[in-house]
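Trainee: My questions will all concern the structure given below.
The values are calculated or read from the model by the stated rules, or taken from the named source; none is laboratory data. Not measured: the values here are computed from a predicted model. Note: ideal-geometry Cβ built from the backbone for every residue, glycine included; neighbour counts use all protein chains shown. To get the accessible areas, we keep the full protein, side chains included, count just its heavy atoms, and leave off ligands, DNA and RNA. Shrake-Rupley method; radii C 1.70, N 1.55, O 1.52, S 1.80 Å.
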Amino acid sequence: MKSVLFFAFFLGCIGQRIVMLPLDERFTTRDAFLNLAKVTPYQVITPDVSMLPHQKKSANTTAILDWLDEHVQSKDTLILSAEMFLYGGLIASRVTNDSTEAVWKNAQRLIHLKNKHHDLTIYLSTVIMRIPAYNEDVEEPWYWALYGINLYHYSYYLDEYYVTGDETYLKQAKEAIVDVPNHIVTEFLWRRERNHNITVMLMERQAQSESIGMPIFKRIFCTLDDNAKFGLNIRESNEIRQLVQQLNISSRINIYPGADEVGMTMLARFASDRAKTSPTFRLIFRDPKTIYYIPNYEGQPLIDTIHDQASSLLLRSLTQSYMSLRFLT
């Protein structure tokens, strides 16, 4: 798989400036991208780490957007995490209390930048917020240390009720939050609604821009952070899928499980798009019977996630049959 990606990078290398905003400050989201970009001739421009968030200390979104205004040039390619310029980072998207209106003003600044430089190419990622199944608040709101597992079960069973109509699950959802103060449940639901509404608004603006032949984004990668078979995050992703179909913009949108790797995915997709190529790959499993299992932290079978990731990279599978594949030793 790595050799296929490197082939795509080299094939698409034609000399290009890339302006990159990472998801946050971690090695997996920033430095891994920069390391991967070293195998290309692309010049990567990215904010100094001092401008980025540090755990729960959010980045200054005004400073980040000012930095973009200062450094972006015509014909640049932008590879951007929406969480960085909208909220101040991934964790910030889970803990900040900025209003929907305030967050949308940040989005409007990016749209204005695109209007200023019509020949920008923008690849955008946005994350559907996770709902962890544990009591710990290192990367979550403070109340997750006390009620995290309760909120997870509430979310899981409430969505399972919506999907199945079985009142048993509704009862379990209500029981899960009996000991959770109402204001905490309200805050939990409010922040999810805010983030979801911002994603919906981005999709609607994308549709408007496509309808006049001037799309804001070359492609949007909407990834589901840690998730499960059921949950409010799964419900939100399904609503976005339906909206994308209704707006007729599915050719530019990928919705799939992921998060930390999405910056590198966008870099690989940019290389393939520039080269107008669709690299091929072949799947070989040690035990093909396991490909329909649902992994931890995901809400769908392994094979579906593999194909979703491959589609986001513009890869084509040469595999005809999974169950007839040879076993690796």
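Trainee: Using 0.36 nm per residue of separation minus the Cα-Cα distance, give me the extension gain between H54 and S311 in nm, one decimal.
Mentor: Values: separation 257, 0.36 × 257 = 92.52 nm, distance 3.23 nm.
Length gained, H54 through S311: 89.3 nm.
Trainee: Continuing with this model, one more query. List the lysines whose Cα lies under 23 Å from the Cα of K75, skipping any in the same chain that are fewer than 8 positions away.
Mentor: Here the lysines satisfying the reach criterion relative to K75 are K38, K114, K116, K218, K276.
Trainee: Using the Cα centre of the stretch 194-305 as the reference point, and only Cβ charges (+1 on K/R, -1 on D/E), how large is the resulting charge dipole? Debye, rounded to the nearest 20. Please report the intermediate quantities before stating the final value.
Mentor: Values: 14 positive and 12 negative charges, 78 e Å.
Charge dipole, the stretch 194-305, about its Cα centre: 380 debye, nearest 20.
Trainee: Then there's this: Near L158, within a Cβ-to-Cβ distance under 13 Å, what is the net charge of the other residues, with Lys and Arg +1 and Asp and Glu -1? If you can, show how the numbers build up before the last one.
Mentor: Details: positive: K171, K174, R192, R235; negative: D159, E160, D166, E167, E175, E236.
Every neighbour counted, the sum reads -2.
Trainee: Another question, if that's okay. Decide, for the chain, between rounded, prolate and oblate: order the square roots of the alpha carbon gyration tensor eigenvalues as a ≥ b ≥ c, take rounded if a/c falls under 1.5, and otherwise choose prolate if a/b is larger than b/c, else oblate. Please report the intermediate quantities before stating the final value.
Mentor: Numbers: a/c = 1.71, a/b = 1.16, b/c = 1.47.
Because a/c hits 1.5 or more and a/b fails to exceed b/c, the chain counts as oblate.
Trainee: Still on this model: Using a 1.4 angstrom probe on heavy atoms only, work out the carbon and sulfur share of the accessible area of the chain in %. Could the numbers behind the result be given before it?
Mentor: On the way: 7970 of 15510 Å².
Roughly 51 percent, rounded to a whole number.
Trainee: Sorting check: for 151-160, 299-308, which peptide has the highest mean count of neighbouring beta carbons within 10 Å, and how do the rest follow?
Mentor: Working: 151-160: 22.5, 299-308: 17.2.
Ranking the peptides 151-160, 299-308 by packing returns 151-160, 299-308.
Trainee: Compute the accessible area per residue over the stretch 126-223, keeping the other protein chains in place, probe 1.4 Å, unit Å². Can you show the working numbers first?
Mentor: Numbers: 4570 Å² over 98 residues.
With all protein chains present, the stretch 126-223 gives 47 Å² per residue.
Trainee: Can you flag which of K56/K105; K57/K171; K56/K171 are past 30 Å Cα-Cα?
Mentor: Numbers: K56/K105 22 Å; K57/K171 38 Å; K56/K171 35 Å.
From the list (K56/K105; K57/K171; K56/K171), the Cα-Cα distance tops 30 Å for K57/K171; K56/K171.
Trainee: Want the number for T100 to T280: 0.36 nm per residue separation, take away the alpha-carbon distance, what's left?
Mentor: Numbers: separation 180, 0.36 × 180 = 64.80 nm, distance 4.16 nm.
Taking T100 through T280 to full extension adds about 60.6 nm, to one decimal.
Trainee: Could you tell me which of rounded, prolate or oblate describes the stretch 1-151, using a ≥ b ≥ c as the square roots of the eigenvalues of the alpha-carbon gyration tensor, with rounded for a/c under 1.5 and, failing that, prolate when a/b is larger than b/c and oblate otherwise? Please list the in-between numbers first.
Mentor: On the way: a/c = 2.38, a/b = 1.45, b/c = 1.64.
In terms of gyration-tensor shape, oblate.
Trainee: On to the next question. As an exercise, use a Förster radius of 30 Å and the Cβ-Cβ distance of N35 and Q245 to find the FRET efficiency, rounded to the nearest 0.05.
Mentor: On the way: r = 37 Å, r/R0 = 1.23.
Calculated transfer efficiency: 0.20.
Trainee: Could you tell me which helices of the chain pass both thresholds, a Cα extent of 27 Å or more along their own axis and a mean Kyte-Doolittle hydropathy of at least -0.5, with helices taken as whole DSSP H runs?
Mentor: Values: long enough: 144-164 (30 Å, -0.18); 182-211 (43 Å, -0.88).
In the chain, the long hydrophobic H runs are 144-164.
Trainee: Same structure, new question: By its C-alpha gyration tensor, with a ≥ b ≥ c as the square roots of the eigenvalues, how is the stretch 196-275 shaped: rounded for a/c under 1.5, else prolate for a/b larger than b/c, else oblate? Mind showing how you got there, number by number?
Mentor: Numbers: a/c = 2.38, a/b = 1.15, b/c = 2.07.
Cα axes put the stretch 196-275 in the oblate bin.
Trainee: Can you give the net charge of the other residues whose Cβ lies under 14 Å from the Cβ of F33, counting K and R as +1 and D and E as -1? All intermediate terms of the calculation are to be shown ahead of the outcome.
Mentor: Details: positive: R26, R30, K38, R269; negative: D24, E25, D31, D260, E261.
It works out to a net charge of -1.
Trainee: Ranked highest first by average number of other Cβ atoms within 10 Å, how do 106-115, 268-277 line up?
Mentor: Details: 106-115: 16.7, 268-277: 19.3.
Packing order, densest peptide first, comes out as 268-277, 106-115.
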